[in-house]
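Here is the structure we will look at, set down as structure tokens.
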Amino acid sequence: MLNKRYYALGTEPSFIRELFMYGLEQAKKVGAENVFDYSLGNPSIPAPKKINETICDVVSNVESVKLHGYSVAAGFEDARAAVAADLNRRFGTDYTAANLFFTCGAAPAIFATFCALTADEESEIITIAPFFPEYKVFVESAGAKFKIVPADTEAFQINLSSLDETISEHTQAVIINSPNNPSGVVYTEETLSALADLLRRKGEEYGHPIYIIADEPYRELVYGDVKVPFIPNIYENTIVCYSYSKSLSLPGERIGYVCVPDSCADSRDLYATVAGAARASGHVCPPTLIQKVIEICASEMPDLEAYERNRNRLFSSLREMGYEAAKPDGAFYLFVKAPNGDAMQFSLDAKEKENLLVVPGEVFGCPGYFRLSYCVSEEMIERSLPSFKRMIESYR
Ligand code: PLP
């Protein structure tokens, strides 16, 4: 007998992966230059130079048994202290190594946090559409109930009145993601302050804290003079789940962290429970080598020029053609309104007629829109523009 739930998860097709695989197959038939793959969020800019230099230094200078040995479960204290010092410098906080728990990227950070906040089978975790689809898998695997607040399709901020109605006595946390995958929108200080006020009021009403889980793999990917507010400075009960996958283009190295600030209610117990949840899911001691690199490179920043050029070119070209899209201030995604209102149909048509691979908003709990990941080459964007034009014209 096998576990039915995990069997279903292991065999259920992923729309994004299937689209990507289709692109690879089509490239063999029609040539890679004729396939326009906007499906995956895999960084296309190299990691900062200092990362590779530091990897070489660490490999050359750290004794082999230490370099490839286990770290402590939460990650090396010196590496966590270096990350805490960087956060303190940038955001005026007073974190120490004791506030950070290193993980293999954001995914296990989020899962451990969900598990930690699942007090019983009534526990609820809320997210805001459009959202990263793995949240549902993680919340339900943690044993909590997954609640969705429908998208604010005007500005892609947070529909607070709908959130107000969704919160119940069983709500443990609201997970938010800004800059957002898939919309590219950054939640404003105003939105976040109003969210904080709402959660304080509801927390008082129900007699327990309602945490914000700030899922922030795109925190550093922001364009122009837009600022990403640091959410723990707005709401005391914020737990941060961070990843270097996108910010330093290191998704394959699997490194990130959970940050539990002292301002959180029951912060030490909460940290210990996150640690216990990470242990229970077998996710402790992230790779030693990359921890040692992060210790030295904690304040490295990405060079966003290529993403910004892609964003500008794609956004302005699509707008000229008549497409409408959410204001893309961050991450590397554009969320575009399907010209016929049916994003699933648009995605199928674009794939079949133009080898243009776009992800329908259904995947992110927000039908009517499709996502473009513009972490691609500039040349591909240029070559794809006539296909976008033919697509919108075919719906007129
Ligand atoms: N959260 C969001 C919003 C993401 O887009 C992703 C990855 O695409 C993750 C979490 C998972 O990131 P990681 O690769 O660090 O596990």
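Read-outs: derived from the displayed coordinates by stated rules, not from any lab. The model shown is predicted, which means the values in this text are computed figures rather than measured ones. Here the Cβ positions follow ideal geometry from the backbone for every residue, glycine too, while neighbour counts run over all protein chains shown.
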| Which of SER64, SER193, SER249 moves the most in a Gaussian network model of the chain with Cα springs under 10 Å? | SER64
| field | chymotrypsin sites (Phe, Trp or Tyr not before Pro) within region 50-146, DSSP loop, no more than 16 other Cβ atoms inside 10 Å | value | TYR70
| task | Mind putting a number on the dipole of the chain about its Cα centre? Charges go on the C-beta only, +1 for Lys and Arg and -1 for Asp and Glu, and I need it in Debye to the nearest 20. | result | 900
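Do you know the relative contact order of the chain, to the nearest whole percent, from alpha carbon pairs under 8 angstrom that are 6+ apart? Mind dumping the intermediate values first?
Working: 746 pairs, mean separation 94.2, N = 396.
Relative CO of the chain lands at 24 percent.
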| request: Return the distance in nm (one decimal) between the two label points of a simple spin-label model at TYR6 and ALA119, each offset 7 Å from Cα along Cα→Cβ. | output: 2.9
| So what's the gap between the Cα centers of region 113-159 and region 286-306, to the nearest angstrom? | 29
| said: Compute, for region 106-262, the length of the dipole vector about the Cα centre, with Cβ point charges of +1 (Lys, Arg) and -1 (Asp, Glu) only. Units Debye, rounded to 20. | reply: 440
| remark: Using the Kirkwood radius over Cα pairs of the chain, the Stokes-Einstein translational diffusion coefficient at 20 °C and 1.002 mPa s, in µm²/s and rounded to a whole number, is 98
| request: Let me have the 222 nm mean residue ellipticity of the chain computed from DSSP H runs of 4+ only, each contributing -39500 (n - 2.57), with the sum over all residues rounded to the nearest 500. | output: -13500 deg cm²/dmol
| Dipole of region 272-320, positive direction: furthest Cα of ALA280, GLN291, SER317, with charges on the beta-carbon | ALA280
| request: Using DSSP to define loop residues, name the GluC sites (Glu not before Pro) in region 314-362 whose beta-carbon has at most 12 other beta-carbon atoms within 10 Å. | output: GLU324
| field | Semi-axis lengths, Å, region 1-154, gyration tensor of Cα atoms, sqrt of 5 times eigenvalues | value | 32, 28, 19
| said: Name the residue from LEU357, TYR242, TYR70 whose Cα lies farthest towards the positive end of the charge dipole of the chain, charges +1 on Cβ of Lys and Arg and -1 on Cβ of Asp and Glu. | reply: LEU357
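Order these by the 10 Å Cβ neighbour count, fewest first: THR118, THR288. Numbers along the way, then the final one.
Details: THR118 22, THR288 19.
Ranking THR118, THR288 by Cβ neighbours within 10 Å, fewest first, gives THR288, THR118.
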| remark: Taking a ≥ b ≥ c as the square roots of the Cα gyration tensor eigenvalues, with a/c under 1.5 meaning rounded and otherwise prolate when a/b beats b/c or oblate if not, region 179-268 comes out oblate
| said: For a protection proxy built on the mean count of beta-carbon atoms within 10 angstrom, sort 8-17, 38-47 highest first, please. | reply: 38-47, 8-17
| request: Order these peptides, 268-279, 208-219, 154-165, by their mean beta-carbon neighbour count within 10 angstrom, highest first. | output: 208-219, 268-279, 154-165
| remark: Among LEU117, TYR374, LEU270, the residue whose Cα sits farthest towards the positive end of the charge dipole of the chain (+1 at Cβ of Lys and Arg, -1 at Cβ of Asp and Glu, taken about the Cα centre) is TYR374
| DSSP beta bridge pairing in the chain, given as percent antiparallel to the nearest 5 | 45
